[in-house]
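Let me begin by presenting the structure, written as structure tokens, before commenting on it.
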Amino acid sequence: MSKEPVAVVGVGQTKHVAARRDVSLAGLVREAARHALDDAELTWADIDAVVIGKAPDFFEGVMMPELYLADALGAVGKPMLRVHTAGSVGGSTALVAANLVAARVHRTVLTLAFEKQSESNAMWGLSLPIPFQQPLLAGAGGFFAPHVRAYMRRTGAPDTVGSLVAYKDRRNALKNPFAHLHEHDITLEKVQSSPMLWDPIRYSETCPSSDGACAMILTDRTGAARAPHPPAWVHGGAMRSEPTLFAGKDFVSPQAGKDCAADVYRQAGITSPRRQIDAVEMYVPFSWYEPMWLENLGFAEEGEGWKLTESGVTELDGDLPVNPSGGVLSTNPIGASGMIRFAEAALQVRGRAGDHQVEGARRALGHAYGGGSQFFSMWLVGADAPAT
């Protein structure tokens, strides 16, 4: 039996900010869910199941928060699943929900991811004590900076490439009302003169700490036919993982990322990603990961990703717009960051991305990664229903 086609008919986000002290975790997730329901013109009664995801519980110190969030998400008496794959969890959560619809287990599923970083300290939460980690770094940036330096040595990329990415994404964020950082006075010079945190990563080339949630309504062919707005159809989705450390691991371009992208492209019938994909929402928490992932995902040959960035290909009006929403560099509620990438890809092919809409976008890729570049989740959505 063939899989049921899966459509995104509702997308909702909170306004992402440094601290949402006006709402609890329950209020935060309910706000995003209500926005998604309103977009789909559905009610809580129309939802058959809920799939929720977030980053490690110790960030906020609330263990298994899904147990008390069920009421806020209309899930009392309904199936509710929790997903966790580190920073890629937002994408993985959406894929679990999509698979429930594709397998005809449920017809309409609410999927949601969130984080309230103001009630946690992710940087020090990710800085493990001896003997679990060497005392040489602090936070995720300290872990990834050596991988960036390895990329620079491997490719000969000039040290200005990271600032170009940050400048682009922060300007894109000004067109996105939900983005956390709205730096109206941003200039390339300001990015390049910002303090060095983890060489070669500067302060303005890093992601913020955000409070926020993102939700989507996924449904089957019948539900899509009733939707008030054009749906985004899931053409392919996949997850892959590999150990954090193993002999021969390529930290610059992990094999799991390559394998995940290849599987998604196979499902979606993509043979030339650069030519066939119109927009990319890519998980870039530190600016240099744009050129690195361009190569890992097959948009550029090895050693050529930084040239696409430098030549303006990834600008909003470029040949391959990357992170038209402003990306993780502008909004980072960690548990939701991957789902925002998936949701923003869906908004692009639905034609509902507002001022950061890529003109004529018919296919878009959503990408997330997490852990020590060990967890990957991706989906490709399109404006047209997949062939059956």
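Whether any residue in segment 246-265 is under 21 Å from residue 166 (Cα atoms) and open to solvent by less than 50 Å² (accessible area, probe 1.4 Å) is what I want to check. Yes, segment 246-265 contains a residue that is under 21 Å from residue 166 (Cα atoms) and open to solvent by less than 50 Å² (accessible area, probe 1.4 Å). The set of residues in segment 266-278 that are touching a residue at least 40 places away in the same chain (Cβ under 8 Å), assigned to a helix (DSSP H, G or I) and open to solvent by 40 Å² or more (accessible area, probe 1.4 Å) comprises 267, 274.
Looking at segment 154-169, which of the residues that are at negative phi and not in a helix (DSSP H, G or I) is least open to solvent (accessible area, probe 1.4 Å)? Taking the candidates together, the pick is 157.
Restricting to segment 175-211, name every residue that is open to solvent by 70 Å² or more (accessible area, probe 1.4 Å), among the hydroxyl-bearing types (Ser, Thr, Tyr) and in contact with a strand residue (DSSP E or B) (Cβ under 6 Å, 6 or more places away or on another chain). 203 - this is the single residue of segment 175-211 that is open to solvent by 70 Å² or more (accessible area, probe 1.4 Å), among the hydroxyl-bearing types (Ser, Thr, Tyr) and in contact with a strand residue (DSSP E or B) (Cβ under 6 Å, 6 or more places away or on another chain).
Would you say residue 137 is open to solvent by 70 Å² or more (accessible area, probe 1.4 Å) and at pLDDT below 90? No. Open to solvent by 20 Å² or more (accessible area, probe 1.4 Å) and closer than 18 Å to residue 201 by Cβ: does that describe residue 290? Taking the combined requirement at face value, the residue does not satisfy it. Within segment 34-51, identify whether any single residue is within 22 Å of the chain's Cα centre (by Cα), open to solvent by 10 Å² or more (accessible area, probe 1.4 Å) and modelled with pLDDT under 95, and answer yes or no. Taking every residue of segment 34-51 in turn, none turns out to be within 22 Å of the chain's Cα centre (by Cα), open to solvent by 10 Å² or more (accessible area, probe 1.4 Å) and modelled with pLDDT under 95.
The values are calculated or read from the model by the stated rules, or taken from the named source; none is laboratory data. For clarity, every value in this text was computed on a predicted model and none was experimentally measured. In this analysis, Cβ positions are derived from the backbone assuming ideal geometry, glycine residues included, and neighbour counts consider all displayed protein chains. Heavy atoms of the whole protein, side chains included, go into the accessibility calculation; ligands, DNA and RNA do not. Shrake-Rupley method; radii C 1.70, N 1.55, O 1.52, S 1.80 Å.
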